[in-house]
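To keep things clear, I will list the structure first and then write my remarks on it.
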Amino acid sequence: MNQNGHGPLNHNGQFDSHARYILFTGKVKHGHLLRYLLATQGRKRLLETYGLRRQMKSSALTGDPDHVFELYYAEDPKRLRWNSHPPEKLDETIYGMMQEEDAAQYQALQKIIDAEKLSAIEVLDRARPTIPHVRALVQMPYLLKHKSQEEVARGLATAPYLLNDICVLKDEDGEDLESRLSRFSDYVSDIIPTFAQSGFSLLAAGRFTDHPDWILNIWQLEDLEQHRELMLRLADNRVYSEIDKMCNQDQHLCRNVSRFYQHHPFLMTA
């Protein structure tokens with residue numbers, strides 16, 4: 001737990017409430033995956049001119065195979081100003097930081113992307129609110145324990161597979177949310193070396209600005225056999241048992257689609 005009882009702290013020891021990540025999700029129409037992936041390339045090129053760098057682009061291997069997500073890292077998180085708008089207006093926040101011509105292009109690109117996906121409701125739990133297709137996340141502090149902020153900023157998914165893990169913290173009597181976040185951060189920081197022993201590298205970690213009790217961790221791995229090995233390591237791991245007690249986890253193995261683009265550069269200009 002942090003000394004002041006308030007989590008999470010950045011590497012300078014100050015509470016950082018600025019959004020570091022933008023997460024795009026979509027349930028793609030069946031058979032439209034390639035068209036959807038191509039459509040998002042224009043958005044990628046535009047966002048990267050404004051300091052939003054795509055770190056990964058992935059489609060699910062477990063769960064819903066038509067579910068795709070992209071994660072962007074904000075080089076200057078203050079530009080997002082997410083807390084000046086409600087979550088459902090995050091799109092307006094993004095194109096609001098752009099020049100007028102680029103903002104019009106962003107909206108046009110988004111219409112093309114939306115045409116390739118379903119308007120299905122995406123939820124972790126039916127009792128919880130609908131998850132919008134674009135969300136902002138605040139960086140979790142344990143990501144910086146083993147990496148510098150510069151390394152995190154440059155991080156791109158290069159392995160064939162990703163593990164997408166959303167942890168929803170449970171309500172516990174007598175403990176406020178910030179204390180739970182701090183305790184969760186300590187546990188995850190302790191478990192990172194165990195994941196590394198099985199070949200897992202933590203690429204991104206953030207909590208949703210609209211649901212601060214939801215935390216997203218994204219790990220990359222070279223071989224699906226490493227996931228089986230990790231599960232065996234965690235079976236009797238005390239720290240992981242504590243993590244499992246304090247949150248509900250929604251985990252999915254994913255294909256790293258951005259790696260495919262690295263080997264097929266002609267798609268980058270489509």
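Here, each number is a calculation from the coordinates, and none is a lab measurement. The structure presented is a predicted model; accordingly, all values stated were derived computationally and were not measured. Positions of Cβ are generated from backbone atoms using ideal geometry, with glycine treated the same way; all protein chains shown enter the neighbour counts.
Label points 7 Å out from Cα along the Cβ direction at residue 251 and residue 45: separation in nm?
3.9
Stretched out fully, how many nm does the piece from residue 111 to residue 79 gain, at 0.36 nm a residue minus the Cα gap?
Working it through step by step, the gained length comes to 9.2 nm.
Give the peptides 19-25, 241-247, 97-103 in descending order of average Cβ contacts within 10 Å, highest first.
19-25, 241-247, 97-103
Considering amide H positions built from the backbone, and no H for Pro or chain starts, which residues 5 or more places from residue 116, or on another chain, come under 5 Å of its amide H?
none
Tell me which chymotrypsin sites (Phe, Trp or Tyr not before Pro) from region 199-262 have a DSSP coil assignment and no more than 11 other beta carbons within 10 Å of their own. Walk me through the numbers before you get to the answer.
Details: sites: 200, 208, 214, 219, 240, 260, 261; in loops: 200.
Those that pass, being in a loop and sparsely packed, number zero.
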